[in-house]
There are 2 protein chains.
Amino acid sequence: MREFCLPSGLDASALQELDRVVTTRTRFKKGATIYRAGDPFSALFAIRVGSCKTAVLAEDGREQVAGYHMLGDLVGLDGIANERHECQAVALEDTEVCVIPFGQLEDLARQVSPLQHNLHQFLSREIGRDQNVMLLLGSMRAEERLASFLLNLTRRLQARGFSASEFVLRMTREEIGSYLGLKLETISRTFSRFHDDGILEVNQRQIRVLDPEALQNLLSSPC
Amino acid sequence: MREFCLPSGLDASALQELDRVVTTRTRFKKGATIYRAGDPFSALFAIRVGSCKTAVLAEDGREQVAGYHMLGDLVGLDGIANERHECQAVALEDTEVCVIPFGQLEDLARQVSPLQHNLHQFLSREIGRDQNVMLLLGSMRAEERLASFLLNLTRRLQARGFSASEFVLRMTREEIGSYLGLKLETISRTFSRFHDDGILEVNQRQIRVLDPEALQNLLSSPC
DNA sequence: CGAGGTGTTGAGATTTGTCAACCTACGTGG
DNA sequence: CCACGTAGGTTGACAAATCTCAACACCTCG
């Protein structure tokens, strides 16, 4: 777990100092809110167990899922800018997070150069991820979006030592739809089509990827 | 200009040190590439004059405009994560940037706490901006997207001391369409509709906002 | 065991995309 | 300095994708 997280590449004494900063862990039940939009920002949260979604709210109240975060991910990064959270984070299952007080993290990052760089990489990686979601939302059709989502998921699960071919979705069709800019019916239909095409085995949220290459082909072909 | 940029809130000696790091300025002609996807990352670019777009490329070559940056904006932030640029940046008009070598910036940020915090805020603000684009792409219809884009533009121009009601678009209809996840014809039609509704005066890229409230209403009403 | 949340599927409506024709403005070169 | 070529912009008609509404099935949790 550590190699994914902020401590990666730190020496023993730096690790010890980081442990002094990260003293609290918090548990959230499935469905519990980790933070709300507008909450004062004071800390980042590193996911130790479980997963969560982040969502931005439109002026008219519509919710747009903006991220799906799992083990080792850092959430709350968008709160730094204005000292308050711009989106909300909700646990998708029973979840445990490390609370990382941001002021103290900045202090420590000034002393520990690798930690500083890790933090910058996390922030930058989040920007890159968001840009890929923009690409998805701005230029892909429904099948491509879902294929891209599933492939991204399998890669991240694999990187964490889980099976890439069999997993349980933690989001409802509606949440996946929101994330992908589609309606839940479209998600459901697209799952069914992938099933009919022999690409997936779909049983509710239990997914088995039978033909990952077919998913990949949906993305790389010009249409 | 300085108050928008990294130096905001720095004392005289820190400013001097920053000036020692930021020694090069580069000019780009309209249409010139500032960096390409895949280029090794070594520096951030702060826009001093002009504007640029950033764009991510899909596996099949499609281009998705992911950002529209102007005076005071920092571009290249997505390159930190993997030491190479994940997107490309192209000047939309004759543009001048400060080149900020990132390694040196990190060094200085460890010594100058306000600079460190400014950098974090820039990174975080970019994340927030991207999330708002996701909201736009994922849940708004064409009119709402263009209204949101125009309002965002007017706010940013105003913050920089330019007129909020009259400005020149630096992007083609096609680029705006890519940014908003729509085709150029849809952008053109939506401009025409806003024109017919008395919300805008549109002459090619010359825009005059006649009724900003109407634009705002397009966003805040539930449908 | 029942209820409510979640998921599937169908039919028809709506939005946006596609293709095509045409117009306009701008810059380049004569 | 003007003319022309070309990139960019507008508009129309039609096609395609996705959404909407509705009915129903399923599954999980108390």
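Assorted remarks:
- A label point on A:D94, set 7 Å along the Cα-to-Cβ line, lies at 6.6 nm from each of its counterparts in the other copies, closest listed first.
- Which listed pairs, of B:K29/B:K53; B:K53/B:K183; B:K30/B:K53; A:K183/B:K53, have C-alpha distances above 23 Å, in listed order: A:K183/B:K53
- Helical contribution to [θ] at 222 nm, DSSP H n ≥ 4, -39,500 (n - 2.57), averaged over chain B, rounded to 500: -13500 deg cm²/dmol
- Computed extension length for B:N217-B:E83: 44.0 nm, one decimal, from 0.36 nm per residue of separation with the Cα-Cα distance subtracted.
- Stretching A:S163 away from A:R36 to a fully extended chain increases their span by 42.5 nm, per 0.36 nm per residue minus the current alpha-carbon distance.
- Relative to the other identical copies, A:L15 shows label-point distances of 4.4 nm, where the label point lies 7 Å from Cα along the Cβ direction and values run shortest first.
- Computed over the protein assembly as shown, the range of Cα coordinates on each principal axis works out to 54, 54, 37 Å, biggest value leading.
- Taking only Cα atoms of the range B:12-134, radius of gyration then Dmax in Å: 14.5, 49
- Dipole orientation for the protein assembly as shown: of the candidates B:V49, A:L169, B:V21, A:L169 has the Cα lying most toward the positive pole (charges on Cβ; Lys, Arg +1; Asp, Glu -1).
- What separates the A:R160 label point from its copies, with the point 7 Å along Cα to Cβ, is 4.0 nm, written shortest first.
- Overall, the range A:34-131 carries a charge dipole of about 240 debye about its Cα centre when +1 sits on the Cβ of Lys and Arg and -1 on the Cβ of Asp and Glu, all other atoms neutral.
- Taking every alpha-carbon pair under 8 Å whose residues sit at least 6 apart, chain B reaches a relative contact order of 20 percent.
- Order of A:S148, B:S13, B:S139, B:S188 - criterion: other Cβ atoms within 10 Å of each residue's Cβ, fewest first: B:S13, B:S188, B:S139, A:S148
- Under a 5 Å amide H cut-off, with hydrogens placed 1.01 Å from N, B:A43 pairs with B:F102 among residues at least 5 apart or on other chains.
- The residue among A:C98, A:A81, B:L215 whose Cα reaches farthest toward the positive pole of the charge dipole of the protein assembly as shown, with charges on the beta-carbon of Lys, Arg, Asp and Glu, is B:L215.
- Charge tally in the Cβ shell below 15 Å around A:E166, where Lys, Arg are +1 and Asp, Glu are -1, A:E166 excluded: +4
Just so you know, all these numbers are worked out from the coordinates, no wet-lab data involved. The shown structure was predicted, so the numbers you read here are calculated from the model rather than taken from an experiment. Backbone-built Cβ (ideal geometry, glycine too); neighbour counts: all protein chains shown.
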